[in-house]
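J.: Structure incoming, see below.
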């Protein structure tokens, strides 16, 4: 213990790292659901402080509070709202995080940890003017640095900022994640830990596939695909921001000490694998128009009315029928949009497009295989098709992108498809 | 309709006053208890707007919200709190009024009345540093004037301000009243209407004395005495501030259109009367020390230990006993302080003061007659003593000040005392 470069001090028994880290931690609604859980969060913050690290904590509202506030708003205000109304909406709903941040600062002080909460306007989290879904433009980190230097834990309510006019804005869905990642980027933090309901990112849904494994690391782009495909661990926007600024994001749970999943640059994913995970979505419906005239401009005629109705179409397949003149067109869209889509298509069918029949199916799921290995390795798609064929699962629609393949199948095959694909791609947990 | 000085315009059918007024309205917790009541408040604001008046509205938190927030604070934080803790306390509890102000602005806009909420820090309601009971130092009214000029109703959360460091402060008990009166003073408003549970100030408690009358006007100083004696209509602090700045305060209820009671300068109280009201308090306890040595310094020896224990003593009577050497000392204090007071006195009794016995009585009430007439008219006190004597009510302790006389009596005589005094001083309602 006295070799070169080894400092022997009174602290030897409780060794501290020579270089301390700056950690941003974010705790979601269920982690701060009540005052007992807030005390639990304080303990978690303390464990980083005890390591000698500087800590910035971002908190959501206590679970249920935001919904309650929105309920109040809906009962005094009509559905049509302009910017003046949205500004009041933001001022009201931002109060939820304000409460949690003060309570956490108090819980920390109760444990003799110097702490202080800073509201969005006090920190200078400057956003644009888009109330209810504002975007962070700049963060002035001077106050935070000063507070950290004084040895304080900096507690920040997520989801809120202030615009140029000096009014409170909120960041929309997943806004607290965005606050955390933006702060981590602005402070050049060593790590940004997002504490959620789940303890990390899995190769697939562990509720359906017992052999699902928690990933130690996952690339930003893979995470983005998985998030957009239904793995609701992190909002797309915060992943994008993390990727852009190279923030080392970790997804973990406040209910255990287990390390979670780290989001990193592609080349940093050590255990190199071709496929990272298999996700699914139950939110899609399938629509088929049969015997459409196969002529230039027909796709525009079909999808134009849907776009006008603000309906997003996801997967699209066009089959040429025997005679070459007529074609069947199949596509998927959100189940919640199906009714409006059918109405729009039937209306259009009376003038612009001619089709024989309009078929819909909501008893379908989309299964996607995601992995950066697809960029360099052929045959990965073929393995999916072969595996599904071996299990007698019929593929209804296929779509692909750079790092994912998605197929639409009958809903009853979901579990079978996930398990067999999980095994086929070598993702199963080692015993 | 065409005489000199009478402008005939298109507005003749809906005549508006030539000079519009600037009104500050304040609505307490029960007036904004839920979203339906908030909509009701919006209607009340609208009726002033419809008269062509400019309106600034101050709101409390929805009833129960502040207590809930304090409950959260108490469960994460210990009882001993310093300034850092108090700052978090203020940030947390101020959120209650923030919510109400946003909701009221929305309810007003829903009725097509331009409105906007301003938080304490947005308005520049600058206070000192005393978290949890801060005092307003300055209000920058530029933003309010600009907003009013644009035709907006200005909605302000009561109870909150911001200190020099830029942290949120709160104003302590009755803080929303203080905000309203301070705004009225800073804006030189024509009137400040305080909407409360009761519809005005009464000559005495109408629940105990059916003949109690609502006062149309009452002087500030009389109101101060009545407030400090238990008539909990307005906090002492806001009455003082109103008096200092000559704010025309009106106490009224949001549940009816009846005019309330106007607080005015003494000389403006038109219906001149000698006695304004009769109040009572059930919060006092009586303490008697018998056979204390009658020597210089004995009072200091008795009341010193009580002051050290932060116990306020109210009425004090010293009776010389026959021999002139020993005396009985009787005084009153808050019932909640009695236990601590007895402990402090018994401790002091073992060394500094000698007394024969320590007697306590909590079955007592303090009845007070208040009126500026006492300044100029003798015999008003005598009328009180005579009336109580006529009803066989024994007076335990007497104390007087410039405009009030208080007596301590047995609790069972309260109703009899109030009714007979009310009649004796000519306060009974005319049929």
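J.: With (1) at pLDDT below 90; (2) farther than 20 Å from residue B:31 by Cβ as the list, and residue B:197 as the residue in question, which single condition is left unmet?
T.: Tallying (1) at pLDDT below 90; (2) farther than 20 Å from residue B:31 by Cβ, residue B:197 fails exactly one: (2).
J.: Quick check on my filter: what residues within the range A:77-88 are more than 7 Å from chain B (Cβ to nearest Cβ), part of a helix (DSSP H, G or I) and free of Cβ contacts under 8 Å to residues at least 60 places away in the same chain?
T.: Of everything in the range A:77-88, those that are more than 7 Å from chain B (Cβ to nearest Cβ), part of a helix (DSSP H, G or I) and free of Cβ contacts under 8 Å to residues at least 60 places away in the same chain turn out to be A:83, A:86.
J.: Considering every residue within the range B:297-310, establish whether at least one is surrounded by fewer than 15 Cβ atoms within 10 Å (Cβ to Cβ) and touching a strand residue (DSSP E or B) at 6+ places or on another chain (Cβ under 7 Å).
T.: Checked the range B:297-310: no residue is surrounded by fewer than 15 Cβ atoms within 10 Å (Cβ to Cβ) and touching a strand residue (DSSP E or B) at 6+ places or on another chain (Cβ under 7 Å).
J.: For the list (1) within 13 Å of chain A (Cβ to nearest Cβ); (2) part of a helix (DSSP H, G or I), I need the number of the one condition that residue B:49 fails.
T.: That leaves (1) as the condition not met.
J.: Looking at this structure, is residue B:188 modelled with pLDDT of 90 or more, in the same structural domain as residue B:159 (by TED's automatic domain parsing), surrounded by 18 or more Cβ atoms within 10 Å (Cβ to Cβ) and over 22 Å from residue B:373 (Cα atoms)?
T.: Against the criterion (modelled with pLDDT of 90 or more, in the same structural domain as residue B:159 (by TED's automatic domain parsing), surrounded by 18 or more Cβ atoms within 10 Å (Cβ to Cβ) and over 22 Å from residue B:373 (Cα atoms)), residue B:188 does not qualify.
J.: Since residue A:70 meets every condition but one in (1) surrounded by fewer than 24 Cβ atoms within 10 Å (Cβ to Cβ); (2) in contact with a strand residue (DSSP E or B) (Cβ under 7 Å, 6 or more places away or on another chain), which condition does it not meet?
T.: Exception for residue A:70: condition (2).
J.: Given the structure, is residue B:200 under 15 Å from the mean Cα position of the chain (by Cα) and within 23 Å of residue B:423 (Cα to Cα)?
T.: So residue B:200 fits the description; yes.
J.: Would you confirm, using the coordinates I've provided, whether residue B:194 is farther than 23 Å from residue A:83 by Cα, surrounded by 20 or more Cβ atoms within 10 Å (Cβ to Cβ) and within 14 Å of another protein chain (Cβ to nearest Cβ)?
T.: Here the answer is no, as residue B:194 does not meet what is asked.
Every residue, every condition in (1) touching a strand residue (DSSP E or B) at 6+ places or on another chain (Cβ under 6 Å); (2) at pLDDT 85 or above, yes or no:
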site	(1), (2)
B:260	yes, yes
B:277	yes, yes
B:312	no, yes
B:315	yes, yes
B:322	no, no
B:327	yes, no
B:330	yes, yes
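J.: Scan (1) closer than 25 Å to residue B:20 by Cα; (2) touching a strand residue (DSSP E or B) at 6+ places or on another chain (Cβ under 8 Å) for the single condition residue B:42 breaks and write down its number.
T.: Going through the list (1) closer than 25 Å to residue B:20 by Cα; (2) touching a strand residue (DSSP E or B) at 6+ places or on another chain (Cβ under 8 Å), residue B:42 breaks only (2).
J.: Counting only residues that are touching a helix residue (DSSP H, G or I) at 6+ places or on another chain (Cβ under 8 Å) and touching a residue at least 60 places away in the same chain (Cβ under 8 Å), give me the strands (runs of 3 or more DSSP E) lying completely in the range A:316-403 with at least 3 of them.
T.: A:364-370
J.: Consider residue A:159 against the criteria (1) crowded, with 24+ Cβ neighbours inside 10 Å; (2) on the phi < 0 side of the Ramachandran plot: it satisfies all of them except one. Which criterion is unmet?
T.: It fails just one condition, (2).
J.: Now a separate question. Quick check: is even one residue across the range B:244-265 within 30 Å of residue B:423 (Cβ to Cβ), without any contact (Cβ under 8 Å) to a residue 40 or more places away in the chain and out of contact with any helix residue (DSSP H, G or I) (no Cβ under 9 Å at 6 or more places or on another chain)?
T.: no
J.: In this structure, does residue A:100 turn out to be under 26 Å from the mean Cα position of the chain (by Cα), part of a helix (DSSP H, G or I), surrounded by 22 or more Cβ atoms within 10 Å (Cβ to Cβ) and within 12 Å of chain B (Cβ to nearest Cβ)?
T.: yes
J.: Something else now. Identify the residue in the range A:164-185 that is without any contact (Cβ under 8 Å) to a residue 60 or more places away in the chain and within 12 Å of chain B (Cβ to nearest Cβ) and, among all such residues, is surrounded by the most Cβ atoms within 10 Å (Cβ to Cβ).
T.: A:166
J.: Going residue by residue through the range A:16-30, is there one that turns out to be crowded, with 19+ Cβ neighbours inside 10 Å, more than 10 Å from chain B (Cβ to nearest Cβ), modelled with pLDDT under 95 and under 30 Å from residue B:80 (Cβ atoms)?
T.: No, every residue in the range A:16-30 fails to be crowded, with 19+ Cβ neighbours inside 10 Å, more than 10 Å from chain B (Cβ to nearest Cβ), modelled with pLDDT under 95 and under 30 Å from residue B:80 (Cβ atoms).
J.: Here is a check on your reading of the model: is residue A:119 within 8 Å of chain B (Cβ to nearest Cβ) and within 15 Å of residue A:159 (Cβ to Cβ)?
T.: Judged against the criteria, residue A:119 is a match.
J.: Of all the strands (runs of 3 or more DSSP E) wholly in the range B:115-198, which have at least 2 residues that are touching a helix residue (DSSP H, G or I) at 6+ places or on another chain (Cβ under 6 Å)?
T.: Those strands (runs of 3 or more DSSP E) span B:115-117, B:136-139, B:153-157, B:160-162, B:168-170, B:191-196.
The values are calculated or read from the model by the stated rules, or taken from the named source; none is laboratory data. The structure presented is a predicted model; accordingly, all values stated were derived computationally and were not measured. Note that each Cβ is placed from the backbone with ideal geometry, even for glycine, and that neighbours are counted across all protein chains shown.
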